[in-house]
1. When the residues of the stretch 1-25 are narrowed to those that are over 21 Å from residue 84 (Cα atoms) and assigned to a helix (DSSP H, G or I), which ends up nearest to ligand 2 (Cβ to nearest atom)?
2. If we keep just the residues of the stretch 169-191 that are within 16 Å of ligand 1 (Cβ to nearest atom) and assigned to a loop (DSSP other than H, G, I, E, B), which is surrounded by the most Cβ atoms within 10 Å (Cβ to Cβ)?
3. Please specify each residue of the stretch 134-168 satisfying the condition of being within 16 Å of ligand 2 (Cβ to nearest atom) and not in a loop (DSSP other than H, G, I, E, B).
4. Taking the criterion of being away from ligand 2 (no atom under 16 Å from the Cβ), surrounded by fewer than 18 Cβ atoms within 10 Å (Cβ to Cβ) and within 17 Å of residue 26 (Cβ to Cβ), would at least one residue in the stretch 80-87 satisfy it?
5. Give 89, 73, 110, 97 a once-over and let me know the one that is free of Cβ contacts under 8 Å to residues at least 40 places away in the same chain and either away from ligand 1 (no atom under 13 Å from the Cβ) or among the polar types (S, T, N, Q) (or both).
6. Is it true that some residue in the stretch 148-160 is at pLDDT 95 or above, polar (S, T, N, Q) and surrounded by fewer than 19 Cβ atoms within 10 Å (Cβ to Cβ)?
7. With respect to the numbered conditions (1) assigned to a helix (DSSP H, G or I); (2) within 16 Å of ligand 2 (Cβ to nearest atom); (3) without any contact (Cβ under 8 Å) to a residue 24 or more places away in the chain, which one is the sole condition not fulfilled by residue 31?
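The values are calculated or read from the model by the stated rules, or taken from the named source; none is laboratory data. Source: prediction; values computed, not measured. Cβ placement follows ideal geometry from the backbone for every residue including glycine, while neighbour counts extend to all protein chains displayed.
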Amino acid sequence: MNKKELEKIKQKALEEHIPIIMDDTLEVVDKVLTEVKPKRILEIGTAVGYSAICFSEYLQEGGKIDTIEREKDRIEEAKRNIEKVGVADKITIYEGDAVEILPTLNNQYDVVFIDAAKGKYPFFLKEALRMINKNGMILADNILYKGYVMSDYNKHKQRTAVRNLREYVKEVTENPNIETEILEVGDGLAISKIL
Ligand code: SAH
Ligand code: MG
């Protein structure tokens, strides 16, 4: 992969305030992916393709990433970026709302990375659990949402998002078939292993 192009993509995304995965979060995900060596990854929230490109390095030979994005401009930019870096054979973008696309997918994934609308995390989890392999990992970015999720403050504007993120945390910590760690990297990362 073309690392120089990847660095340019990252800088442009940061300048344009596109919420790409933060460096410390990426470091943790890299470790998880090194351990799992996934054949197949599902990502919800492509943006301009930065995280998908980063993750593609850790795929098994012949492995693939499916990633979902609903914003047209971002999809077009992601396609160009994926092409430039030279990983187009490994990444498929599904264009549209993940809430509509997920129920149409019927694949088996080793890793699912959830990084889209926070109010939909419980639904994304349900769909991820339907398609994840045993011993697979479901990762959820922005799970602590600026600290709101673990605080008892309920008056801010993002109430629905916070409520749904809390529901996600409750489900992955209380479900006996899931082992979860919540890390304070970036905006919070939930790492759940499916037993
Ligand atoms: N994973 C990317 C960043 C994703 S930012 C990276 O780290 O490089 C979140 C993206 O999710 C945004 O581009 C937004 O348009 C998209 N998104 C949010 N809700 C969505 C939904 N319901 N369906 C599809 N895409 C969604
Ligand atoms: Mg994120």
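1. Filtering first and then ranking leaves 25.
2. The selected residue is 188.
3. Within the stretch 134-168, 138, 139, 140, 141, 145, 146, 147, 161, 162, 164, 165, 168 meet the criteria.
4. no
5. 89
6. No; the residues of the stretch 148-160 include none that is at pLDDT 95 or above, polar (S, T, N, Q) and surrounded by fewer than 19 Cβ atoms within 10 Å (Cβ to Cβ).
7. Only one criterion is unmet by residue 31, namely (2).
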